[in-house]
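Single-structure report; data block below.
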Amino acid sequence: MSDLEYRKKVYSSLATINTNKGESYYRKLLSKCQKRIDKLKKRPAFNNENYMQTLGEEGYNRRDFIKWVSATTAALMLPGSFEPLVAQTIEVINRVPVIWVNFQDCAGNSEALLRADAPTVDELILDIISLEFHELLMAPSGDAAETQLEDAMREFKGDYLLFVEGSIPLAENGVYGTIGASGETYVDHLKRVAADAAAIVAVGTCATFGGVPAAAPNPTGATGVMSIIKDKPIINIPACPANPANMLGVILMYAMSGEIPELDALKRPLFAFGRRIHDACERRVHFDAGNFVEAWGDEGAKLGYCLYKMGCKGPVTFNNCPTTKFNKGASWPVAAGHGCIGCSEPGFFDKFQRFEAPTPYNKSNNPAADPISDIPFISTVGLI
């Protein structure tokens, strides 16, 4: 099969998932979630934030909130009957404690989570969450910071969500990453903090798959959380950075049901990573019509043509960037004229190392298959 025939057959198809699980399934889930929320309402709040007061102070009214609830319910792949439950969950979300630790990272995911220059409802609700420990935000330092972490782990034992940002170095017994006066390695620190967590959320491609620190030749032996922790539920939210809306979605699902969301084979939540970027891209119509940008700044670029020939990896990348977007839903890289670099896929930095040209396809350079679809990951190493 020629490259052109392959692209036409595979890239022009739609990779979809079944979002309707049937009336019986949703009826049972609705009952389960209501019991969970009623149980959380009986717990004391871990902070004194009032979500409606907070929203009001930032200029949001009840109508704005209801619109957000509807959009969020749909984004979580739940039917409209769950909207009242999503609204109720916000009332009790400050009963879900969160501990956030950083390892080999650039803090980009924390920045994405915490920036508030143009706040959305999502960002304001993230402020309401009971964030018990975050090294980049907390006032304490040194011994006081370590004490705060120990106190949080003890007080919320078995209940807290552990957010992990950054990869974990394993080479030479983990000496490339240490923390605290004791010199505890990142890997030992992760194992200790994870031991009493209810679930672990790996945020960003570094924490999920090793990211840029794990790129060849990977001198520090960097890896992701799921390569180390085997006895806890793990939710991967890859991307550079991860979208705050996806972080919030995971917290909402856990608060509402007491369980982690449905995951794909790479432990990514299906509500966010169940569809290829290519299938929801606003430039997809140009791909199907054969309209491509041939050179940066050409007439096709001005007309918003497809960026595949400029190296866009949207056809082999799973994420909800085209629908969720960034910066108050204003835009995302492809809309801004820069093709997808595949940053939510394992090994993207090596696999997609040359962005500026598309990858030719043939069986000899396709040794591995994507575990969650029939679309192969195609290595560009040595090809371009």
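The values are calculated or read from the model by the stated rules, or taken from the named source; none is laboratory data. Computed from a predicted model, the values in this text were never measured in an experiment. Please note: Cβ atoms are built from the backbone with ideal geometry, for glycine as well, and neighbour counts cover all protein chains shown.
Return a yes/no flag: does region 254-270 have any residue that is assigned to a strand (DSSP E or B) and either within 23 Å of Arg95 (Cβ to Cβ) or at pLDDT 95 or above (or both). Talk me through it step by step, then tell me what you get.
Pass one, region 254-270, residues assigned to a strand (DSSP E or B): 263, 269.
Checking the rest, the ones that are also either within 23 Å of Arg95 (Cβ to Cβ) or at pLDDT 95 or above (or both) come to 269.
Yes, some residue in region 254-270 is assigned to a strand (DSSP E or B) and either within 23 Å of Arg95 (Cβ to Cβ) or at pLDDT 95 or above (or both).
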Item to check | Single condition Thr147 does not satisfy, out of (1) crowded, with 20+ Cβ neighbours inside 10 Å; (2) more than 23 Å from Asn327 (Cα to Cα) | outcome: (1)
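Would you be able to say whether some residue in region 347-360 is in contact with an Asp or Glu (Cβ under 8 Å, 6 or more places away or on another chain), small (Gly, Ala, Ser) and modelled with pLDDT of 85 or more?
At the first step, the residues of region 347-360 found to be in contact with an Asp or Glu (Cβ under 8 Å, 6 or more places away or on another chain) are 351-352, 360.
Filter once more, keeping what is small (Gly, Ala, Ser): none.
Checked against the condition, which is being in contact with an Asp or Glu (Cβ under 8 Å, 6 or more places away or on another chain), small (Gly, Ala, Ser) and modelled with pLDDT of 85 or more, region 347-360 yields no hits at all.
Is it the case that some residue within region 180-191 is free of Cβ contacts under 8 Å to residues at least 40 places away in the same chain and β-branched (Val, Ile, Thr)?
If we filter region 180-191 for residues that are free of Cβ contacts under 8 Å to residues at least 40 places away in the same chain, which is where we start, we get 180-185, 188, 191.
Then keep just the ones that are β-branched (Val, Ile, Thr); that gives 185.
For region 180-191, residues free of Cβ contacts under 8 Å to residues at least 40 places away in the same chain and β-branched (Val, Ile, Thr): present.
Out of the residues in region 267-298 that are surrounded by fewer than 19 Cβ atoms within 10 Å (Cβ to Cβ) and within 23 Å of Ala245 (Cβ to Cβ), which is farthest from the chain's Cα centre (by Cα)? Walk me through it before giving the result.
So in region 267-298, the residues surrounded by fewer than 19 Cβ atoms within 10 Å (Cβ to Cβ) come out as 270, 279-280, 282, 285, 288-291, 294-298.
With within 23 Å of Ala245 (Cβ to Cβ) added as a condition, the list becomes 270, 279-280, 282.
Values: Leu270: 11, Asp279: 18, Ala280: 17, Glu282: 21 Å.
Filtering region 267-298 for residues that are surrounded by fewer than 19 Cβ atoms within 10 Å (Cβ to Cβ) and within 23 Å of Ala245 (Cβ to Cβ), the one farthest from the chain's Cα centre (by Cα) comes out as Glu282.
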Item to check | Selection status of Glu150, touching a helix residue (DSSP H, G or I) at 6+ places or on another chain (Cβ under 7 Å) and charged (D, E, K, R) | outcome: no
Checklist entry - Being surrounded by fewer than 21 Cβ atoms within 10 Å (Cβ to Cβ), at pLDDT below 90 and either among the hydroxyl-bearing types (Ser, Thr, Tyr) or touching a Lys or Arg at 6+ places or on another chain (Cβ under 9 Å) (or both), is that true of even one residue in region 299-310? => result no
Checklist outcome for this item: Listed by range, helices (runs of 4 or more DSSP H) wholly within region 157-249 having at least 1 residues that are of a type in the set (D, E, K, R), surrounded by fewer than 18 Cβ atoms within 10 Å (Cβ to Cβ) and over 18 Å from the mean Cα position of the chain (by Cα) are 171-174, 186-194
